[in-house]
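A.B. asks: I am attaching a structure below and will ask some questions about it afterwards.
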Amino acid sequence: MVDLPSDYTEIHQYARDVVAFMHKPLSVQITGGIHVNDAFVYDAWSQLPSEWTAWWEPLSNPQDAQKDLINSLRKEPEARQHDLQGRPDSLSEWLDRIRNLSLDREQFVLPEEIPHVEVPEILASRMATKKLAEVKAGARYINHVCKANNITRVVDIGSGQGYLSLTLAAACDLKVLAIDGSAKQIAGSKAAAEQAGLTEGDQITHLTRFVTGTDELATEISTWAKGEKCLLTGLHACGSLSEHMIRLSTTTPCISHIAVVGCCYNHITPFSPSNPTGFPISTFMRSHNLNLSTSALITGCQAPTNWIHNPNSIFGRKHFYRAVLEKLLFDKNLVADGARPVWGIRNGDLRSFHTYTSRALSSLNLTIGKDISEREIAEYEKAYAGRSAETAILWTLSVLLCRVVESVIVLDRVFYLQEKGMEEVGVLPVFEYRESPRNLMVVGRKGEGV
């Protein structure tokens, strides 16, 4: 049930190739091996393929290169008509490889004969357009699976304000256990349930719990289920919560099906001796030494094809100024190796490099004149004045592997479920990508005897 890229027919070979690609030196570099902030400290530009940089450097506007790179992620054939002319073959081949290693994101559409779910108006009126579309699509799929498998109970983890939980209870005649770690969110969901006319403890049951995959929660779910089988779900379960849910689905006997969409991959905790349940969670990915940095996981949260092009954006200037200042601080040994200065930069601070530096130094308890001279600030600004295109392009490169990163995270979850005996394990792009780029739902059914 995993719709593999067109170059592949076997999921394990696909996974091996994805892992190998992510471990290549260039992939490691652009997903955090050399952070854009450190571009001038470690001369990241010179470590890119020379024929690529030689092609980019004469371009009159770095935004042309940025738009070309982002457009390269689009899979529709007409997108190739907008590729920049003269692009080096090796760069085009690398961009093709990125596309061909990414799971498809085109929305999975259920047959029209499967009933749509109408969200009660009292709930729909509270949702943004994006959230309403997600709840409609998610509820429709979940309701279909439940009706097809005689499931009458759903466990919604990370239920938040209860939009999905209450819709399933009110519109699909399902009994729902809504679990969230926030008492405030649960209180909001309870209030909405009362307004929707749902009976607490019958149609909808609320539980305030932080989910860590503990046996205690499995016992509470089983008690609530009363011997009936359940579907476990969560729409945009943040970070490691998705992994806890996946484990829970394999260890709780009453849970027969799972349908979970992850997000916020930067909050995933990695595997270590002190965290044996960390990412990756599957034996397959661990045996292939999958290793993604925090910066790489952040990359998986990006959706550059959804960005709105703004030729007057000051975003690029922020990266450029940061990189120049990092180089100045590094050369003067004012920041410990590996430390990341944190300061609140406002748009007004980007008027000039001097204004930016002044704000940053004050946040670091450093002083112009004492720790860094006016002359040094002017010299560094002059020395790097012609290199803003480098940080602009390096930043764009840093997000290009977004779909590959997310694909490997999802594959890890698929393999874990398969290794635990789940059947019909798959990945469905359940939402419209342009509205909800975190749209990959991992689904599965517990096999007999599991």
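The values are calculated or read from the model by the stated rules, or taken from the named source; none is laboratory data. The shown structure was predicted, so the numbers you read here are calculated from the model rather than taken from an experiment. No Cβ is skipped: glycine too gets one built from the backbone with ideal geometry, and neighbour counts run over all protein chains shown.
A.B. asks: Filtering the range 156-177 down to residues that are of a type outside the set (K, R) and farther than 24 Å from E435 by Cβ, which residue is surrounded by the fewest Cβ atoms within 10 Å (Cβ to Cβ)? Outline the logic, then answer.
C.D. replies: The initial filter retains those residues of the range 156-177 that are of a type outside the set (K, R), namely 156-174, 176-177.
Going one step further and asking which of them are farther than 24 Å from E435 by Cβ, we end up with 169, 173-174, 176-177.
Working: A169: 25, D173: 12, L174: 24, V176: 28, L177: 21.
So, considering only residues that are of a type outside the set (K, R) and farther than 24 Å from E435 by Cβ, the one surrounded by the fewest Cβ atoms within 10 Å (Cβ to Cβ) is D173.
A.B. asks: Across the range 288-330, which residue is farthest from K130 (Cα to Cα) among those that are among the aliphatic types (A, V, I, L, M) and in contact with an Asp or Glu (Cβ under 8 Å, 6 or more places away or on another chain)? Can you show your working first?
C.D. replies: The initial filter retains those residues of the range 288-330 that are among the aliphatic types (A, V, I, L, M), namely 290, 292, 296-298, 303, 308, 314, 323-325, 328-329.
Next, from what is left, pick out any that are in contact with an Asp or Glu (Cβ under 8 Å, 6 or more places away or on another chain): 290, 323-324, 328.
Values: L290: 33, A323: 35, V324: 38, L328: 43 Å.
Applying the filter and picking the extreme gives L328.
A.B. asks: From D83, D43, D64, D38, which residue is at pLDDT 95 or above, of a type outside the set (G, A, S) and not assigned by TED's automatic domain parsing to the domain that holds K190? Walk me through how you get there before you give the answer.
C.D. replies: Details: D83 fails: at pLDDT 95 or above; D64 fails: at pLDDT 95 or above; D38 fails: at pLDDT 95 or above.
The conditions single out D43.
A.B. asks: Within the range 221-246, take every residue that is under 23 Å from the mean Cα position of the chain (by Cα) and surrounded by fewer than 18 Cβ atoms within 10 Å (Cβ to Cβ) and give me the one that is farthest from S159 (Cα to Cα).
C.D. replies: For the range 221-246, the residue satisfying everything is G239.
A.B. asks: Please identify the pairs in which a residue from the range 118-136 that is within 17 Å of A193 (Cβ to Cβ) and among the polar types (S, T, N, Q) has its Cβ atom under 6 Å from the Cβ atom of a residue that is at pLDDT 95 or above and not in a helix (DSSP H, G or I), counting only partners at least 6 apart or on another chain.
C.D. replies: The qualifying pairs do not exist here.
A.B. asks: Which condition does K229 not pass, out of (1) modelled with pLDDT of 95 or more; (2) closer than 27 Å to G278 by Cβ; (3) out of contact with any helix residue (DSSP H, G or I) (no Cβ under 6 Å at 6 or more places or on another chain), if it passes all the others?
C.D. replies: The one condition K229 does not meet is (2).
A.B. asks: Enumerate the helices (runs of 4 or more DSSP H) found wholly within the range 52-132, keeping only those where 2 or more residues are crowded, with 17+ Cβ neighbours inside 10 Å and among the hydrophobic types (A, V, I, L, M, F, W, C).
C.D. replies: Working: elements: 62-71, 89-100, 121-124.
Of the helices (runs of 4 or more DSSP H) lying wholly inside the range 52-132, those with at least 2 residues that are crowded, with 17+ Cβ neighbours inside 10 Å and among the hydrophobic types (A, V, I, L, M, F, W, C) span 62-71, 89-100.
A.B. asks: Something else now. Does A378 satisfy being under 18 Å from F40 (Cβ atoms), surrounded by 10 or more Cβ atoms within 10 Å (Cβ to Cβ), touching a Lys or Arg at 6+ places or on another chain (Cβ under 9 Å) and modelled with pLDDT of 90 or more?
C.D. replies: Working: under 18 Å from F40 (Cβ atoms): yes; surrounded by 10 or more Cβ atoms within 10 Å (Cβ to Cβ): yes; touching a Lys or Arg at 6+ places or on another chain (Cβ under 9 Å): no; modelled with pLDDT of 90 or more: yes.
So A378 does not fit the description; no.
A.B. asks: Sticking with this one: Considering only residues that are exposed (fewer than 13 other Cβ atoms within 10 Å of the Cβ) and among the hydroxyl-bearing types (S, T, Y), look in the range 30-51 and name the one that is nearest to the chain's Cα centre (by Cα).
C.D. replies: Selected residue: S46.
A.B. asks: So F210 clears everything in (1) in contact (Cβ under 8 Å) with a residue 12 or more places away in the chain; (2) out of contact with any helix residue (DSSP H, G or I) (no Cβ under 8 Å at 6 or more places or on another chain); (3) assigned to a helix (DSSP H, G or I); (4) among the hydrophobic types (A, V, I, L, M, F, W, C) except one condition, right? Which one?
C.D. replies: Every condition holds for F210 apart from (3).
A.B. asks: Which residue, of R140, R153, is more than 30 Å from S407 (Cβ to Cβ), basic (K, R), crowded, with 17+ Cβ neighbours inside 10 Å and modelled with pLDDT of 95 or more?
C.D. replies: Values: R140 fails: more than 30 Å from S407 (Cβ to Cβ).
Selected residue: R153, the only one of R140, R153 that is more than 30 Å from S407 (Cβ to Cβ), basic (K, R), crowded, with 17+ Cβ neighbours inside 10 Å and modelled with pLDDT of 95 or more.
A.B. asks: Pick from K327, K332: which is surrounded by fewer than 19 Cβ atoms within 10 Å (Cβ to Cβ) and in contact (Cβ under 8 Å) with a residue 40 or more places away in the chain?
C.D. replies: Values: K327 fails: surrounded by fewer than 19 Cβ atoms within 10 Å (Cβ to Cβ).
From the options K327, K332, the qualifying one is K332.
A.B. asks: Find the residue count for the range 40-51, including only residues that are in a helix (DSSP H, G or I) and over 15 Å from S388 (Cβ atoms). Quick ask: steps written out before the conclusion?
C.D. replies: Step one: of the range 40-51, the residues in a helix (DSSP H, G or I) are 44-47, 50-51.
Subset that is over 15 Å from S388 (Cβ atoms): 46-47, 50-51.
Adding up the residues that qualify gives 4.
A.B. asks: Taking F415, is it in a loop (DSSP other than H, G, I, E, B) and buried (at least 20 other Cβ atoms within 10 Å of the Cβ)?
C.D. replies: Details: in a loop (DSSP other than H, G, I, E, B): no; buried (at least 20 other Cβ atoms within 10 Å of the Cβ): yes.
Answer is no for this residue.
A.B. asks: If you take the residues in the range 291-321 that are surrounded by 22 or more Cβ atoms within 10 Å (Cβ to Cβ) and touching a residue at least 40 places away in the same chain (Cβ under 8 Å), which one is nearest to L366 (Cα to Cα)?
C.D. replies: The residue in question is F320.
A.B. asks: Mind checking which residues of the range 428-450 are within 19 Å of S240 (Cβ to Cβ) and either without any contact (Cβ under 8 Å) to a residue 60 or more places away in the chain or assigned to a strand (DSSP E or B) (or both)? Please lay out each step first, then the result.
C.D. replies: So in the range 428-450, the residues within 19 Å of S240 (Cβ to Cβ) come out as 438, 440-442, 444.
L440, M441, V442, G444 - these are the residues of the range 428-450 that are within 19 Å of S240 (Cβ to Cβ) and either without any contact (Cβ under 8 Å) to a residue 60 or more places away in the chain or assigned to a strand (DSSP E or B) (or both).
A.B. asks: Considering only the range 344-355, state which residues are surrounded by 14 or more Cβ atoms within 10 Å (Cβ to Cβ), of a type outside the set (D, E) and at pLDDT below 90.
C.D. replies: Result: I345, single match.
A.B. asks: For A218, only one of the following conditions fails: (1) touching a helix residue (DSSP H, G or I) at 6+ places or on another chain (Cβ under 8 Å); (2) crowded, with 20+ Cβ neighbours inside 10 Å; (3) in a helix (DSSP H, G or I). What is its number?
C.D. replies: The failed condition is (2).
A.B. asks: Follow-up question, since we're still on this one. Could you check the range 179-192 and list, in sequence order, the residues that are within 30 Å of the chain's Cα centre (by Cα), assigned to a helix (DSSP H, G or I) and not basic (K, R)?
C.D. replies: Once the filter is applied, which keeps residues that are within 30 Å of the chain's Cα centre (by Cα), assigned to a helix (DSSP H, G or I) and not basic (K, R), the range 179-192 yields A183, Q185, I186, A187, G188, S189, A192.
A.B. asks: With respect to the numbered conditions (1) at pLDDT below 95; (2) farther than 22 Å from I298 by Cα, which one is the sole condition not fulfilled by T9?
C.D. replies: (1)
A.B. asks: Residue under question is G197, and the condition is that it be touching a helix residue (DSSP H, G or I) at 6+ places or on another chain (Cβ under 7 Å), within 17 Å of I122 (Cα to Cα), in the same structural domain as I221 (by TED's automatic domain parsing) and of a type in the set (G, A, S); does it hold?
C.D. replies: No: the conditions fail for G197.
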